[in-house]
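Contents: one structure, followed by commentary.
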Amino acid sequence: MTTTVRTLGFGLGLFVLASLAVGACSQPRPAPLKIYVNTDLEGISGVFTFAQTREKDTPLNVRACEYFMGDVAAVVRGLRDGGATEVVVLDGHGSQAVLPHLMAPGAAYVTGHPRPGVANLTGLDDSFAGMVMLGFHAMMGTPDGVLNHTQSSRSENRYWYNGVESGELAQSAAIAGHFGVPPIMVTGDEATCREAKAFFGNDIVTVAVKKGLARESAMLYPFEETRKALYEGARRAAANARSCKPYVMKTPIAVREELLNLDPTLPAPVKVAREGVARDALHLFTWADK
């Protein structure tokens with residue numbers, strides 16, 4: 001009797017375990033949620049002067065890159081906790097800002113030159129559910145935009161697409177929009193966040209890590225506070241990514257560009273303008289003159 005009870009009990013136990021195992025294996029896996037993080041340096045916590053961003057490997061620049069890695073880490077953690085299954089971080093600043101020894105786990109990092117991709121947006125394609133624009137800045141000429149510029153701060157470029165002046169936020173989002181990838185989060189100063197909402201609507205998640213006072217002055221906030229806000233914003237952005245819509249420019253795109261000619265043989269910089277047409281967002285910088 002005892003042997004029979006034990007045998008039945010053992011068999012029943014195996015059946016229960018097998019049922020649990022089958023149940024566990026049959027649970028649907030979460031759908032992939034790939035997020036592309038396009039970065040810049042000017043809109044990072046603690047950055048407010050061009051001395052921190054223009055010259056590579058100076059003490060000020062190295063410290064600014066450390067600030068950058070802290071902001072990136074907070075966003076990567078937030079994205080993963082918000083449901084992202086894969087995160088790619090693009091080192092988008094011209095002189096590069098990624099410090100490999102400070103890379104937070106949970107993401108892959110693209111850095112260095114040269115690299116493939118439209119506007120160096122290596123790996124960006126329609127497999128991504130959303131783009132984060134981290135550490136961005138307001139367009140050239142924004143009075144309260146810390147380190148404001150569009151593409152080149154030295155030649156002071158300005159761009160209009162279909163009659164609308166646009167900065168790097170709109171440029172990056174339009175390229176992503178060509179692949180159907182929506183902007184889901186923008187970080188920078190208050191002016192950058194304001195610009196993001198003007199272009200992408202009030203549903204875009206924005207995190208202001210400082211308040212601009214002039215082009216090279218700002219009201220800064222403690223890193224403990226900005227990193228917490230970045231984490232929470234990223235977590236929320238990832239959770240809402242599938243409800244966001246791409247930013248798409250009507251094609252063909254009428255383009256106007258203004259910039260300073262800095263030819264050293266000239267007595268002073270001269271403003272020049274060009275106009276033309278880009279057949280799509282992948283040609284925002286390689287358009288044909290009229």
Answer residue from region 242-288, given it is more than 28 Å from the chain's Cα centre (by Cα) and acidic (Asp, Glu) and is surrounded by the most Cβ atoms within 10 Å (Cβ to Cβ) among those: Glu275
Tally, over region 110-121, of residues that are under 14 Å from the mean Cα position of the chain (by Cα) and under 18 Å from Ala170 (Cα atoms): 3
Qualifying residue in region 250-259 (condition: modelled with pLDDT of 95 or more and assigned to a helix (DSSP H, G or I)): no
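I'd like to check something: does region 266-276 contain any residue that is among the basic types (Lys, Arg) and touching a residue at least 24 places away in the same chain (Cβ under 8 Å)?
Restricting attention to region 266-276, the residues satisfying the condition of being among the basic types (Lys, Arg) are 271, 274.
With the extra rule that they be touching a residue at least 24 places away in the same chain (Cβ under 8 Å), the set shrinks to none.
Checked region 266-276: no residue is among the basic types (Lys, Arg) and touching a residue at least 24 places away in the same chain (Cβ under 8 Å).
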Residue ranges of strands (runs of 3 or more DSSP E) in region 48-145 with at least 1 members among the charged types (D, E, K, R) and either modelled with pLDDT of 95 or more or open to solvent by 30 Å² or more (accessible area, probe 1.4 Å) (or both): 86-90
Flag if Ala239 is part of a helix (DSSP H, G or I) and open to solvent by 60 Å² or more (accessible area, probe 1.4 Å): yes
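The values are calculated or read from the model by the stated rules, or taken from the named source; none is laboratory data. Predicted model, so just to flag it, every value in this text is computed and none were measured. All Cβ positions, even for glycine, are placed from backbone atoms using ideal geometry, and neighbour counts span all protein chains on display. Side chains included, ligands, DNA and RNA excluded: accessible areas come from the protein's heavy atoms. Shrake-Rupley method; radii C 1.70, N 1.55, O 1.52, S 1.80 Å.
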